[in-house]
1. Tell me, what ³J(HN,Hα) does each residue in region 189-198 have, in order and in whole Hz, if you take phi through Karplus 6.51 cos²θ - 1.76 cosθ + 1.60 with θ = phi - 60° and put x for Gly and Pro?
2. Within region 68-109, list the residues whose amide N lies under 13 Å from a label point set 7 Å along Cα→Cβ of residue 13.
3. May I ask for log10 I(q)/I(0) of region 121-202 at q = 0.14 Å⁻¹, from a Debye sum over the Cα atoms as equal point scatterers with solvent left out?
4. Can you give the angle from 0 to 90° between the axis of helix 222-235 and the longest principal axis of the chain, with both taken from C-alpha atoms, to the nearest 10?
5. Does anyone have the angle between helix 77-87 and the longest principal axis of the chain? Alpha-carbon axes, 0 to 90°, nearest 10?
6. Work out how much length residue 98 to residue 221 would gain on full extension: take 0.36 nm times their residue separation and subtract the Cα-Cα distance, in nm to one decimal.
7. What percent do you get for the relative contact order of region 14-142 when only Cα pairs under 8 Å and 6+ apart count?
8. Any idea what the relative contact order of the chain is, in percent, if you count C-alpha pairs under 8 Å spaced at least 6 apart?
Amino acid sequence: MSLLRFSGLLPLRRHLDARRAEGKSVGVVPTMGALHEGHLSLVREVRKQSDIVVVTIFVNPTQFGPGEDLDRYPRTLERDAELVEQAGADLVFAPSVEEMYPPDEQTRVSVSGVSEGLCGAHRPGHFVGVATVVAKLFCAVGAGTYIFGRKDYQQLRVIEKMARDLLFPVRVISSAIVRDEDGLALSSRNAYLNSEERKLAPALFRALSAAKLAYEEGERRPKNLVERARDTIRGAATPTLGFEIEYLELRDAESLSSEIADDKGLVSPVERPVVLLVAARLGTTRLIDNVEL
Ligand code: AMP
């Protein structure tokens with residue numbers, strides 16, 4: 001069957017409500033478009049567990065701060081539609097800004113705790129924008145299995161929390177980070193990197209991998225694990241280019257709490273899965289990555 005495309009809320013609801021009434025399960029992949037293999041892996045993953053796969057494509061203005069890249073964010077809808085069809089999606093929902101944000105709207109969704117720190121500290125208002133648009137998508141698309149990438153680790157935890165707290169009739173699942181051959185996590189923003197920056201960019205993953213290796217070899221002191229990664233990032237700098245680290249932090253993998261060590265100051269692998277998260281700027285491009293330990 002060929003790909004169905006919707007931009008209006010009501011036709012989408014009518015269509016999906018009728019499918020659900022036939023007993024079909026719905027899987028949903030929320031995206032901002034400019035799709036790459038990372039997004040397509042989510043389509044394939046949710047395809048395995050749903051009768052109907054919906055991809056939403058919406059560049060959400062409220063999650064961009066002043067001076068961020070909303071205007072230059074790549075918009076490639078026609079190509080995106082071809083890619084998701086090949087990957088096995090049944091339907092694309094690509095609403096306008098007016099459809100998602102009625103002119104006189106006054107409502108925002110704010111998740112505390114897990115939204116604070118990390119990207120939340122460096123992008124004020126970002127997770128309010130994310131939680132708001134995802135809540136709207138939950139309502140627009142309706143009950144189903146929603147899949148998110150662990151690339152945006154804090155975003156995933158924020159959305160899981162919101163879905164539980166607000167009793168949305170959804171199941172939230174996640175999928176592993178897809179990387180280029182040299183380790184760089186795929187991102188629509190990688191298109192901003194010039195060739196010198198692109199060459200340096202995989203150092204971020206090398207740094208996380210160095211910390212993971214140290215962890216696997218028995219290092220359990222949080223400070224040493226973080227320093228191992230920091231040294232790798234610093235050591236990768238060239239005379240003309242280096243990363244500007246926004247944050248590099250070890251956190252509890254579920255709650256994202258920074259209280260991860262026991263009373264001896266050590267991370268316990270049994271009691272506490274942890275995640276090392278990084279955000280860094282390379283030129284004008286902001287990159288994020290993480291590794292679970
Ligand atoms: P975005 O279009 O950037 O909002 O991303 C849409 C979804 O794709 C989010 O759930 C992201 O976490 C996920 N995603 C983006 N890049 C990757 C990647 N390299 N690997 C896995 N998931 C990804």
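Throughout, read-outs are computed from the coordinates displayed, never taken from laboratory work. On a predicted model such as this, the values are computed, not experimentally measured, just so you know. When we count neighbours, we look across all protein chains shown, and the Cβ atoms used for this are built from the backbone with ideal geometry, even at glycine.
1. Karplus values, whole Hz, x for Gly and Pro: 6, 4, 4, 7, 6, 7, 5, 5, 5, 4.
2. Counting backbone N atoms under 13 Å from the label point, the list is 100.
3. Reported log10 I(q)/I(0), two decimals: -0.60.
4. Relative to the chain, helix 222-235 is tipped by roughly 90 degrees.
5. 90 degrees
6. Details: separation 123, 0.36 × 123 = 44.28 nm, distance 4.99 nm.
Extra length from residue 98 to residue 221 when fully extended: 39.3 nm.
7. Working: 156 pairs, mean separation 34.6, N = 129.
Relative contact order, region 14-142: 27 percent.
8. On the way: 501 pairs, mean separation 47.3, N = 293.
That works out to 16 percent.
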